[in-house]
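Chemist: Please see the structure below; I have some questions.
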Ligand SMILES: [Zn+2]
């Protein structure tokens, strides 16, 4: 019996190690580890680049599909080249009487994981799989709409932000002519400045070289530090 005890102990220890490994990695508590060369990211706050870009950060409120705030702060960040392109879009829209209202930009990986976990199977196409991360996690995706310069109000689009239905498709043919015109106007200006629309969400756009940036899990509160490091 005495001889068996160390064997049992060692086998228990091994089980514990394996369990911890899967708990931390296999089950996806940590962001995926990506190999390869990446650009040094520089997340910048969108409103600091252009104060006429509005924010409607619904993930910092209860008004979102999670039904509760998932951000502590109502802020939006993008990698600098993407933010600069967004400023160009906003300028081009001004002549037409519109501006941009941003719902979301950079999103920490932990929030992508949360969205995945709470979304039922049939709607998973509307959320990113945390195993691969989201382009939002790389600071290269932005969710946004238009506001009217005259009133400051968000325009009506064929479907609502984060609505999980066919009305979210950028080629959805329902809604009013005016709603489709505005949706297509947003898309054409974004595409002319290096963004690509997501094929099931009229509000989601990816910036050109998103693959060059790493998946990040840094909180909004800590981003300042990152930018400082980037500035040397
Ligand atoms: Zn998005």
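Since every read-out is calculated from the coordinates, none of them should be taken as a lab result. None of the values given here were measured: they were computed from a predicted structure.
Chemist: Determine the shape class of the stretch 31-231: with a ≥ b ≥ c the square roots of the Cα gyration tensor eigenvalues, call it rounded for a/c under 1.5, and otherwise prolate if a/b is greater than b/c, oblate otherwise.
Modeler: oblate
Chemist: Please work out whether the stretch 29-99 counts as rounded, prolate or oblate from its C-alpha gyration tensor, where a ≥ b ≥ c are the square roots of the eigenvalues and a/c under 1.5 means rounded, while otherwise a/b larger than b/c means prolate and anything else oblate?
Modeler: It is oblate, given that a/c is not under 1.5 and a/b is not larger than b/c.
Chemist: Now for a different question. Figure the gain on full extension for residue 34 and residue 222 (residue separation times 0.36 nm, minus the Cα-Cα span) and round it to one decimal in nm.
Modeler: 65.5 nm
Chemist: Under the classification rounded if a/c is under 1.5, otherwise prolate if a/b is larger than b/c and oblate if not, where does the stretch 46-156 fall, given a ≥ b ≥ c as square roots of the Cα gyration tensor eigenvalues?
Modeler: Note, shape of the stretch 46-156 comes out prolate.
Chemist: Considering only DSSP beta bridges with both partners in the stretch 31-231, what is the antiparallel share in %, to the nearest 5?
Modeler: 90 percent
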